[in-house]
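Engineer: One structure, pasted below without further comment.
Computed from the coordinates by the stated procedures, all read-outs in this text should not be read as laboratory data. Please read all numbers here as calculations on a predicted model, not as lab measurements. Counting neighbours? That spans all protein chains shown, and the Cβs are built from the backbone with ideal geometry, glycine included.
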Amino acid sequence: MDIRILYFASLRERLGRAEERLTLADGTTVAALIQQLRLRGGAWAEAFAEGQAYRVAVEQELASLVTPLGDGQEVAFFPPVTGG
Amino acid sequence: MRVAVQMEPFDIAVEHARLTQNRTDIGAVASFVGLCRSDNDARAVSAMTLEHYPGMTEKALEQIVREAQARWQVLDCTIIHRVGRLLPGDGIVLVLVASAHRRDAFAACEFIMDYLKTRAPFWKKEATNDGERWVEARESDDEAAARWLSQR
């Protein structure tokens, strides 16, 4: 399945990337995707390391590690929000 | 409800008139305005840039309003949040809540701000003399939002 990933704010700056498309195995969860991103090493391993604070949205709704991903979906990773 | 994410400034008088025109069932309008300050954590801030997640921002704000409507009597509600580059003194966010009575209007307004602060995808970057830096989320905001889990 193909997904689109967006990165925002300080996370985007750390990773040097605003968006990308990935092909994943059907049924991949958010947790499994994060594992894959960590394997890139460097800034990716640091940004998504255990204990790092970031949030995930799937199809523009806040999601969790166990949220499964579907074909054509939009996933976003971002720091804790600071609006208002 | 009226939810807007925009670069342009908002006018509270215009929005209040819009919210209340032709209605006589509204007995209370509670409002909140968030402003950009020139100091944060002992640093002088010369400007602030607000980034957001287009698409999710509006959805998240609408969801927050619906939650407020489920908990309190909310006859109508307006949220306007600015994005882009702001200067100290500029308005960042406006929340207006209309109810028949003040208790629900005040509570819903505070709830909406506490949830916006922790769930709406905006991120602030401050420009200071030492360069630019991203504002960190505050624990006190999470605590404020959590408070509503056990309150009416």
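Engineer: Could you give each residue of the stretch A:67-74 its phi-based ³J(HN,Hα) in whole Hz, using Karplus coefficients 6.51, -1.76, 1.60 with θ = phi - 60°, and x for Gly or Pro?
Structural biologist: 4, x, 9, x, 4, x, 7, 10
Engineer: Which order do B:Asp76, A:Asp26, B:Asp104 fall in if you start with the one that has the fewest other Cβ atoms within 10 Å?
Structural biologist: Working: B:Asp76 19, A:Asp26 9, B:Asp104 22.
Lowest count first: A:Asp26, B:Asp76, B:Asp104.
Engineer: Give me the lysines in straight-line cross-link reach of B:Lys59: C-alpha distance below 20 Å, same-chain residues under 8 apart excluded.
Structural biologist: B:Lys117, B:Lys124
Engineer: Sticking with this one: Starting from the Cα gyration tensor of the stretch B:1-91, multiply each eigenvalue by 5, take the square root, and state the resulting semi-axes largest first in whole Å.
Structural biologist: Details: eigenvalues 150, 52, 31 Å².
Each semi-axis is √(5λ); the values are 27, 16, 13 Å.
Engineer: Would you please state which residues of the stretch A:45-70 a label at A:Arg38 would reach in this model, taking the label point 7 Å out along Cα→Cβ and a backbone N cut-off of under 15 Å?
Structural biologist: Within reach of a label on A:Arg38, which here means backbone N under 15 Å from a point 7 Å along Cα→Cβ, the stretch A:45-70 contributes A:45-54, A:65-66.
Engineer: When the chain is fully extended, how far beyond the present Cα-Cα distance does B:Asp90 get from B:Glu62, taking 0.36 nm per residue of separation? Present the calculation step by step, with values, prior to reporting the outcome.
Structural biologist: Numbers: separation 28, 0.36 × 28 = 10.08 nm, distance 2.36 nm.
This chain segment gains 7.7 nm when fully extended.
Engineer: Please state the Cα pair-distance histogram of chain A with 10 angstrom bins from zero: what percent is in each bin?
Structural biologist: 17, 57, 24, 1
Engineer: Right, next: What nm value, rounded to one decimal, do you get for the distance between B:Glu132 and A:Tyr54 when each label is placed 7 Å out toward the C-beta?
Structural biologist: Each label point is offset 7 Å from its Cα along the Cβ direction, giving 2.0 nm.
Engineer: Among B:Ser140, B:Ser31, B:Ser99, which one shows the biggest mean-square fluctuation in a GNM of chain B, springs joining Cα atoms closer than 10 Å?
Structural biologist: Of B:Ser140, B:Ser31, B:Ser99, the Gaussian network model singles out B:Ser140 as fluctuating most.
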